[in-house]
1. Would you say residue 252 is over 25 Å from residue 136 (Cα atoms) and surrounded by 18 or more Cβ atoms within 10 Å (Cβ to Cβ)?
2. Could you please tell me which pairs satisfy a Cβ distance under 6 Å, a separation of 6+ or placement on different chains, a first residue in segment 173-191 that is within 17 Å of residue 131 (Cβ to Cβ), and a second residue that is assigned to a strand (DSSP E or B)?
3. Would it be correct to say that residue 163 is outside the structural domain of residue 109 (by TED's automatic domain parsing) and surrounded by fewer than 18 Cβ atoms within 10 Å (Cβ to Cβ)?
4. I'm checking my understanding of the structure. Among residues of segment 245-286 that are modelled with pLDDT of 95 or more and part of a loop (DSSP other than H, G, I, E, B), which one is nearest to residue 177 (Cα to Cα)?
5. Could you tell me which numbered condition residue 75 fails, if it satisfies all but one of (1) at pLDDT below 95; (2) in contact with a helix residue (DSSP H, G or I) (Cβ under 6 Å, 6 or more places away or on another chain); (3) over 23 Å from residue 139 (Cβ atoms)?
6. For residue 181, indicate whether it is more than 18 Å from the chain's Cα centre (by Cα) and on the phi > 0 side of the Ramachandran plot.
7. Taking the criterion of being surrounded by 13 or more Cβ atoms within 10 Å (Cβ to Cβ), more than 27 Å from residue 119 (Cβ to Cβ) and not assigned by TED's automatic domain parsing to the domain that holds residue 64, would at least one residue in segment 202-224 satisfy it?
8. Restricting attention to segment 194-244, which residues are in a loop (DSSP other than H, G, I, E, B), more than 21 Å from residue 132 (Cα to Cα) and modelled with pLDDT of 90 or more?
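The values are calculated or read from the model by the stated rules, or taken from the named source; none is laboratory data. Since the structure is predicted, the reported quantities are computational estimates derived from the model, not experimental observations. Glycine gets a Cβ as well: all are built from the backbone with ideal geometry, and neighbour counts include every protein chain shown.
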C-alpha cells in the first residue's frame, strides 16, 4: 500500500511539473536554475543576476546530510534548465532525484569540479563553500554552466563573475596576513566543517561533532577536547544553527569560554558579507 502511494505521488509530481514547466516557459525568458543548497544559490545569484530564476531544494534551517526528497523537489527539477549541486557526496539524494525526473533537457553541474579534495576518517569533506579559494572554483563552474546554457548573455555573466572573484580576493588578501601574524592557530566549532577554510589560512579546527555532524561525541572525545581547550587557551566555542548547542555550551562552561554563533551555510543576504563576518569572528577569537 505504501509503495502504491509513493508511485501515485511521483506520478502526480511529474504531471504537475509538466504543467508548471509549460506555464513558466510562457511567462519567463530567464534561465531557470535549481540548486541543492543555499551557498550555491548565493553564488549563482551573484553571477546570474537578473538573467536567472533560482530555486533551492534545501532551504536554510534544514539539515542537508540526511535530507529526504519530496514530490515538490521533482516538480522543481522538471521545470529547471540547470541543476547545480555541491558534489563530494553531500547530496545523498542526488542520483534518486535525477532518475525520478523526465526533464530531457536538464543540464547538471557538479560545483566541486576542480577542487582539491580533503579526505577524513568519515569520507570526503564536502564543505567547500566555506573556503574563499574553493568558492572561486565553484563560481567558475557556475559561470561556465550559465554561459553554456545562455551564451547570448556571456558578457553579462563574465562581468558578474569577475566582480565576485574580486570581492573574494579582497577578503582573502585582507585576512591571510592577519591570520599569519597570529600565534594562536586553532579554534573550536560545533562540527568539523572548516577544513577547506583552515587550509586557506593555515589554521586548525577542533570540533565537538564530526564532518557530517552525526551522533553524540563520546565522553573520551569531550574530555580530550576539554584538555585541548585548556592547554591552548581557547576562549571561544563556535556554535551553528544545525548543530545542537548543548554540548558546545557545556564545553564552554567547563573551560570558561564564551559561545559565538558562526554561519556555516552562509545563509545571509550576501555571500561575501557573510563570509567576512565569519572571518572576523574567527580572527577575533584567535587574537
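1. Details: over 25 Å from residue 136 (Cα atoms): yes; surrounded by 18 or more Cβ atoms within 10 Å (Cβ to Cβ): yes.
Criteria met by residue 252.
2. As it stands, the answer is 185/204; 189/205; 189/207; 189/238; 191/207; 191/209, since those pairs meet every condition given.
3. yes
4. Selected residue: 257.
5. Against the list (1) at pLDDT below 95; (2) in contact with a helix residue (DSSP H, G or I) (Cβ under 6 Å, 6 or more places away or on another chain); (3) over 23 Å from residue 139 (Cβ atoms), residue 75 comes up short only on (1).
6. no
7. No: zero hits.
8. Those that are in a loop (DSSP other than H, G, I, E, B), more than 21 Å from residue 132 (Cα to Cα) and modelled with pLDDT of 90 or more: 232, 233, 234, 235.
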